[in-house]
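*Asks:* Structure in structure tokens, see below.
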Amino acid sequence: MITVFTPTYNRGYILHQLYTSLKNQTSDNFEWIIVDDDSTDDTEQVVASFESVGNGITYIKQPHGGKHRAINRAVKIAKGDYFFIVDSDDYLENFAVERIILYAASINEN
């Protein structure tokens, strides 16, 4: 399984683009962890409106601490064998998770 991790701060207006790309993945063998760095916009409400994708969405809102603290928090709870950072203003091609799993399997022995 892949952990897709998104750090976010005041990105409620654009998170839907990433969500849609995750919803359209050809593989659902991933979890999505979002760590919100104390946003003051509607990020929390936007994420609450999302239906589950992959193996679920985990949303954590924490006091402002920066991207490095968000990464550290997510790594501690990640269930995936691989940790993939996708920023809040990015999106993935529909086959991205499937390809990551394929390539990871080809190098697992190394």
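The values are calculated or read from the model by the stated rules, or taken from the named source; none is laboratory data. Bear in mind the structure is a predicted one, so any value in this text is a computation, not a measurement. Neighbour counts are summed over all protein chains in view; Cβ atoms, including those assigned to glycine, are modelled from backbone coordinates with ideal geometry. Note: areas computed on protein heavy atoms with side chains; ligands, DNA, RNA excluded. Shrake-Rupley method; radii C 1.70, N 1.55, O 1.52, S 1.80 Å.
*Asks:* Modelled with pLDDT of 95 or more and surrounded by 14 or more Cβ atoms within 10 Å (Cβ to Cβ): does that describe Ile77? Steps first, please.
*Replies:* Details: modelled with pLDDT of 95 or more: yes; surrounded by 14 or more Cβ atoms within 10 Å (Cβ to Cβ): no.
Answer is no for this residue.
*Asks:* With the checklist (1) over 20 Å from His16 (Cα atoms); (2) assigned to a loop (DSSP other than H, G, I, E, B); (3) in contact with a helix residue (DSSP H, G or I) (Cβ under 9 Å, 6 or more places away or on another chain) in hand, flag the one item Phe83 doesn't pass.
*Replies:* (2)
*Asks:* Right, Ser39: part of a loop (DSSP other than H, G, I, E, B) and either in contact with a helix residue (DSSP H, G or I) (Cβ under 7 Å, 6 or more places away or on another chain) or open to solvent by 20 Å² or more (accessible area, probe 1.4 Å) (or both) or not?
*Replies:* So Ser39 does not fit the description; no.
*Asks:* Which of (1) under 19 Å from Ile14 (Cβ atoms); (2) within 13 Å of the chain's Cα centre (by Cα); (3) open to solvent by 20 Å² or more (accessible area, probe 1.4 Å) does Phe83 not meet, given it meets every other one?
*Replies:* Phe83 satisfies every listed condition except (1).
*Asks:* State which residue is surrounded by the most Cβ atoms within 10 Å (Cβ to Cβ) when the search covers only the stretch 5-33 and only residues that are of a type outside the set (Phe, Trp, Tyr) and touching a Gly at 6+ places or on another chain (Cβ under 6 Å).
*Replies:* If we filter the stretch 5-33 for residues that are of a type outside the set (Phe, Trp, Tyr), which is where we start, we get 6-8, 10-12, 14-18, 20-29, 31, 33.
When the remaining residues are screened for being touching a Gly at 6+ places or on another chain (Cβ under 6 Å), the result is 28, 31.
On the way: Asp28: 16, Glu31: 21.
Residue satisfying both the conditions and the ranking: Glu31.
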